[in-house]
Amino acid sequence: MNAAGLLDQARRQWAAYLSDLWQSGDWDGQPEDERDYSQRNLAAHLDEAGVPDEQLCALLDERWLHSWWALEGTYEGFLADVERAWRRAERARDLVAQIKCALCAAAGSALSANLSPGLLASAVEHEVLAPQQALDIVRRAGESNRAPFMVALAPHIPPRYVDQALDVAESLTIVYAHIMNRNDVLAALAPYIPALLQARAIELASSISSERKRAKAIVGVAPHVAAEQVEFLLASARGIQGGAARATALSAVVARLTGADHQSVAREAYELARSVDDDEDRADALAALLGKVRGPVRSRVFRSALTTARNMGVERIASFDARKDADLRAGKLADLLPHVTSVRQQTVLASEVLAAIQRMHPRNRSRLLRRAMPHVPKHLVSRGLGVALSVDGGSLSHALDAVAEYLTPRQLSVAIVRIKKVRTLRDRAEALLPLARKATGLSRGRLADAIVAFGATSG
Amino acid sequence: MVRDKSEGNFMYLHHVLPAVEHGRYAGDRRLELPSGLEGYYRSHWDSMRGDDLDAFLRVNQKIIACLATAHRPITLRFIARVTSLTLTEVQWTVERWREFLHESRGRDGPEFRIYHASYRDFLAELVAE
């Protein structure tokens, strides 16, 4: 009998067996399940058997890298092995081994970096990658890439992996102005978070340092949490300091409340929203609330939102970027169109929106026209067409595309007369496309033939 | 009596009740019931060791230790390869230790792992002979 533990002896046996197999060249000749086990656990068995650092580091070569790729189609397993060896080298203060590990990690990461969020999601959707592998990739990505990866992956994460996805959300601590952040990840995950993990999601949302991003996270999560979590979400929304952000967050929670609670929080959100200093933020906060509020407060919210949108920019110096203010005003008015409740109100507001769009820079008109047209009453469609036809050649096709669906045959004829006056054949053809699709239902290829013929005969 | 011996551990009942049912502790032999879960593990281990010491040292303990240090359920064929024993020897050992093992269906047939972490803890305390 010797003093070695029974399991220590077994660990050495595992390490020796797998190590010999790797060196013998018979690695790929193993039965599939054993090959899988051996690849995933050789480094762990070497580590557990207490082999010298050099032996563990020696494993991290190109052959091992390719062997991981052959098994998984990623280098994530290789990187995990590098991490294991690296931790050991750090503990042993082995500088040479640490440098080797750093180089291996850089190579593996560089090879993994070619992945886009869409491709990663697609790989999981089509079972090329397991959710666990994809999550490992996300975890290893730099912080600025982690959120876009996680957002793309969210619909493909099975419930039992959601806690890991929330770990990824928790790891996002820096607030980037123009790219995705923790709030985007939480909003993307929200529909898939099991009831047991919702409290954690709310906690993560509540701990976002930026007030605006915290409000966005609450907006994203609110529609999906269980009824018993709503009070926590409300407390979190009330903890936001900025008026506009707090009003937006409260608006999201309002939609989940009923009866007296709904009315009370709606009034609270309304008072906050209408007292926001910046007119653009005020308009956004009121429009957000308008979409959620019911009952007596609603008409007050609508009136305030309308007044704010109409007066957008008037307190600013008239010469200061007046065109931008006109665009902004039109946009905020258009935001209110889906919320009107009477035919008269719809007529008044739609006329106002169309006039505001007409005053916008021609290049920006189509985008807003597209948003407004579904809410424009039939008798005002001709005015919508008028706005579309006021746009110049190159942008005319986009403007017509926004209105084509609502045109009568007579209005289509009016548009065609205008199109005939467009100077270049290309712009003329482009402008005809949306009308032709509406009129004939032909395929794009057939339409293009018809349009070229039209151009040749009308030119 | 069983309540005292089990020390409130459900796993004790999981092992001992079938053993009682199979007559291993038949009659008025309450003193032979092992104390606690570890006592039960020890009694089984010693009993197997006593049956055939040579086979126990050369075959059984190697196979059980191999299973206890595997990172996931593995096939009997794989155990045979790692321990350099025959498939028959592995099958024979697994049969004798069945109550401590969990069987599941793998890609290439049945796979085995240690049923409960407490048994692995028990094995971790043993010295190789």
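With respect to the conditions (1) assigned to a helix (DSSP H, G or I); (2) more than 11 Å from chain B (Cβ to nearest Cβ), A:Gly50 falls short on a single one, namely (1). Looking for something without any contact (Cβ under 8 Å) to a residue 12 or more places away in the chain, more than 12 Å from chain A (Cβ to nearest Cβ) and not small (Gly, Ala, Ser) - is there at least one such residue anywhere in region B:118-126? Among the residues of region B:118-126, not one is without any contact (Cβ under 8 Å) to a residue 12 or more places away in the chain, more than 12 Å from chain A (Cβ to nearest Cβ) and not small (Gly, Ala, Ser), which makes the answer no. Of the residues making up region A:72-108, those that are surrounded by fewer than 16 Cβ atoms within 10 Å (Cβ to Cβ) and more than 31 Å from the chain's Cα centre (by Cα) are A:Arg87, A:Glu90, A:Arg91, A:Ala92, A:Arg93, A:Leu95, A:Val96, A:Ile99, A:Ala102, A:Leu103.
In region A:73-80, is there at least one residue being part of a loop (DSSP other than H, G, I, E, B), within 14 Å of chain B (Cβ to nearest Cβ), touching a Ser or Thr at 6+ places or on another chain (Cβ under 8 Å) and not aliphatic (A, V, I, L, M)? No. Scoring A:Asp321 on the criteria (1) modelled with pLDDT under 90; (2) over 26 Å from A:Ser251 (Cα atoms); (3) surrounded by 16 or more Cβ atoms within 10 Å (Cβ to Cβ) leaves a single failure, condition (3).
I need the full set of residues from region A:31-48 which are closer than 17 Å to A:Ala10 by Cβ and touching a Leu at 6+ places or on another chain (Cβ under 8 Å), in order please. Correct list: A:Ser38, A:Asn41, A:Leu42, A:His45, A:Leu46, A:Asp47.
For the residues A:Ala269, A:Ala245, A:Ala249, the requirement of being hydrophobic (A, V, I, L, M, F, W, C) and more than 23 Å from the chain's Cα centre (by Cα) singles out A:Ala269.
Within region B:100-116, being surrounded by fewer than 14 Cβ atoms within 10 Å (Cβ to Cβ) and more than 13 Å from chain A (Cβ to nearest Cβ) holds for B:His102, B:Glu103.
Within region B:82-102, identify whether any single residue is under 25 Å from A:Ser19 (Cα atoms), modelled with pLDDT under 90 and in contact with a strand residue (DSSP E or B) (Cβ under 9 Å, 6 or more places away or on another chain), and answer yes or no. No, the conditions are met nowhere in region B:82-102.
Considering region A:1-30 alone, what residues qualify as being aliphatic (A, V, I, L, M), under 25 Å from A:Glu54 (Cβ atoms) and surrounded by fewer than 19 Cβ atoms within 10 Å (Cβ to Cβ)? Within region A:1-30, A:Ala4, A:Ala16 meet the criteria.
Note on region B:81-97: among residues that are away from chain A (no Cβ under 13 Å) and part of a loop (DSSP other than H, G, I, E, B), the one that is nearest to A:Gly5 (Cα to Cα) is B:Trp97. Here is the figure for region B:59-83: residues that are without any contact (Cβ under 8 Å) to a residue 24 or more places away in the chain and over 20 Å from A:Gln39 (Cα atoms) total 1.
For region A:144-154, does any single residue satisfy the condition of being surrounded by fewer than 20 Cβ atoms within 10 Å (Cβ to Cβ) and either among the acidic types (Asp, Glu) or outside any helix (DSSP H, G or I) (or both)? Checking region A:144-154: not a single residue is surrounded by fewer than 20 Cβ atoms within 10 Å (Cβ to Cβ) and either among the acidic types (Asp, Glu) or outside any helix (DSSP H, G or I) (or both). Among the residues in region A:230-237, are any within 21 Å of the chain's Cα centre (by Cα) and surrounded by 24 or more Cβ atoms within 10 Å (Cβ to Cβ)? No: zero hits. Considering every residue within region A:212-235, establish whether at least one is of a type outside the set (Val, Ile, Thr), out of contact with any Pro (no Cβ under 8 Å at 6 or more places or on another chain) and more than 25 Å from A:His262 (Cβ to Cβ). Yes, there is a match, as at least one residue in region A:212-235 is of a type outside the set (Val, Ile, Thr), out of contact with any Pro (no Cβ under 8 Å at 6 or more places or on another chain) and more than 25 Å from A:His262 (Cβ to Cβ). Of all residues in region B:34-80, those being at the interface with chain A (Cβ under 10 Å from one of its Cβ atoms), assigned to a helix (DSSP H, G or I) and either under 19 Å from B:Ala117 (Cα atoms) or touching a helix residue (DSSP H, G or I) at 6+ places or on another chain (Cβ under 7 Å) (or both) number 10. Across region A:324-342, the qualifying residues are those that are loosely packed, with under 15 Cβ neighbours inside 10 Å and out of contact with any Gly (no Cβ under 9 Å at 6 or more places or on another chain), and the one among them that is modelled with the highest pLDDT is A:Ser342.
Count of region A:31-42 residues, restricted to those that are crowded, with 19+ Cβ neighbours inside 10 Å, more than 10 Å from chain B (Cβ to nearest Cβ) and within 27 Å of B:Arg58 (Cα to Cα), is 1. Identify, please: which residue in region A:1-30 is within 8 Å of chain B (Cβ to nearest Cβ) and of a type in the set (Phe, Trp, Tyr) and is, among those, farthest from B:Tyr119 (Cα to Cα)? The extreme case among them is A:Tyr17.
The set of residues from region A:178-206 being of a type in the set (Val, Ile, Thr), within 20 Å of A:Gly142 (Cβ to Cβ) and assigned to a loop (DSSP other than H, G, I, E, B) comprises just one member, A:Ile179.
The values are calculated or read from the model by the stated rules, or taken from the named source; none is laboratory data. Because the structure is a prediction, the values reported are computed rather than measured. Please note: Cβ atoms are built from the backbone with ideal geometry, for glycine as well, and neighbour counts cover all protein chains shown.
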